[in-house]
Amino acid sequence: MELQLSKLIHRKIVVIGPKFFDQEKLETVTLLAVEDAGIWIESAEAANVIVKKFGVKPSSSALAFFIPFSQITTILASFDSTATAAETTTIPGS
């Protein structure tokens with residue numbers, strides 16, 4: 001079985017890197033997209049950090065964050081080999 005990050009789109013993963021989130025705990029995020037230079041994620045925790053740190057008004061919709069591969073040290077994911085392509089590409093809320 002070949003593992004591909006793109007097959008985990010719309011699934012929960014944990015991203016560890018030196019420049020984001022709290023390094024003392026693991027944060028679960030949703031993988032939205034994979035590009036050549038990095039990944040797009042959705043994270044309520046990251047959105048809350050931005051709101052608190054910069055004093056901006058919280059968005060009523062989900063925010064997407066781009067993380068370059070150069071800032072990622074580890075990605076943890078549960079890869080269920082029995083999941084079908086339809087299950088891994090379902091858009092949340094649809």
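The values are calculated or read from the model by the stated rules, or taken from the named source; none is laboratory data. From a predicted model like this one, the values you see are computed outputs, not experimental measurements. Backbone-built Cβ (ideal geometry, glycine too); neighbour counts: all protein chains shown.
Remarks
- In the range 33-42, the residues that are part of a loop (DSSP other than H, G, I, E, B) and hydrophobic (A, V, I, L, M, F, W, C): A37
- Count of the range 14-24 residues, restricted to those that are more than 13 Å from F65 (Cα to Cα) and modelled with pLDDT of 75 or more, is 3.
Here's the yes/no breakdown for (1) touching a Phe, Trp or Tyr at 6+ places or on another chain (Cβ under 8 Å); (2) surrounded by fewer than 13 Cβ atoms within 10 Å (Cβ to Cβ); (3) under 27 Å from L3 (Cα atoms):
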{"position": "T30", "(1), (2), (3)": "no, no, yes"}
{"position": "G38", "(1), (2), (3)": "yes, no, yes"}
{"position": "I50", "(1), (2), (3)": "no, no, no"}
{"position": "F54", "(1), (2), (3)": "no, yes, no"}
{"position": "K57", "(1), (2), (3)": "no, yes, no"}
{"position": "F69", "(1), (2), (3)": "no, no, yes"}
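- Residue within the range 77-86 that is at pLDDT 75 or above and either among the small types (G, A, S) or closer than 23 Å to I16 by Cα (or both) present: yes
- Scanning the range 24-40 for residues that are among the polar types (S, T, N, Q) and touching a residue at least 24 places away in the same chain (Cβ under 8 Å) yields a single hit, T30.
- Boolean, E45 is over 14 Å from S78 (Cβ atoms) and in a loop (DSSP other than H, G, I, E, B): no
- One residue from S94, S61 being among the small types (G, A, S), at pLDDT 70 or above, in a loop (DSSP other than H, G, I, E, B) and exposed (fewer than 12 other Cβ atoms within 10 Å of the Cβ): S61
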